[in-house]
Amino acid sequence: MPVFWLMFLSLPGVGILLGSGVMYLVSELVALDLAGFLAGVLALNLLLDLALVRYQHRGLGAPTAHEPVGRIARVRHVDGAERPVQARVMLDGIRWRALSEEPLEDGGRVRVTRRDGLTLYVTPLEPGEAE
């Protein structure tokens, strides 16, 4: 089911309207009183909301193909020599903020060791180290 329809059905007004229609039919079949009718409407609306939340959060935390850890980046600019060294690196055409405990050189290549939000932690590659 497309997200649009799931979101549309989970809107309070639409969910209550839809739930009211369904519960009206059910109440005619099983002779529910007003309290049972309202409880059914709210339960159906809650189920629609839970379905939307589950749909939106599926796949969160799954590894992506663009995870930068272990990849090689190029140093574009070193911001200072104090530790940790702050720099800007390019990886797949994207400019990242980078930190390193070792000295970095402009134009040098680095390996990404970890990522914390929008910051990459890098170590410089040795001259003979392969990608």
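Annotations
- Residues within region 110-123 that are in contact with a Pro (Cβ under 8 Å, 6 or more places away or on another chain) and either among the aliphatic types (A, V, I, L, M) or outside the structural domain of Asp92 (by TED's automatic domain parsing) (or both), tallied: 3
- Region 102-130 residues that are within 12 Å of Val85 (Cβ to Cβ), paired with ones that are among the polar types (S, T, N, Q) and surrounded by 17 or more Cβ atoms within 10 Å (Cβ to Cβ) (beta carbon under 8 Å, 6 or more apart): Val110/Ser100; Tyr121/Ser100; Val122/Ser100; Thr123/Ser100; Pro124/Ser100
- Qualifying residue in region 60-68 (condition: modelled with pLDDT under 75 and charged (D, E, K, R)): no
- Looking only at region 89-111, and only at residues there that are within 21 Å of the chain's Cα centre (by Cα) and part of a strand (DSSP E or B), the one that is farthest from Ala73 (Cα to Cα): Arg97
The values are calculated or read from the model by the stated rules, or taken from the named source; none is laboratory data. Keep in mind it's a predicted model, so treat the numbers as computed, not measured. Cβ atoms come from the backbone with ideal geometry, glycine included; neighbour counts cover every protein chain shown.
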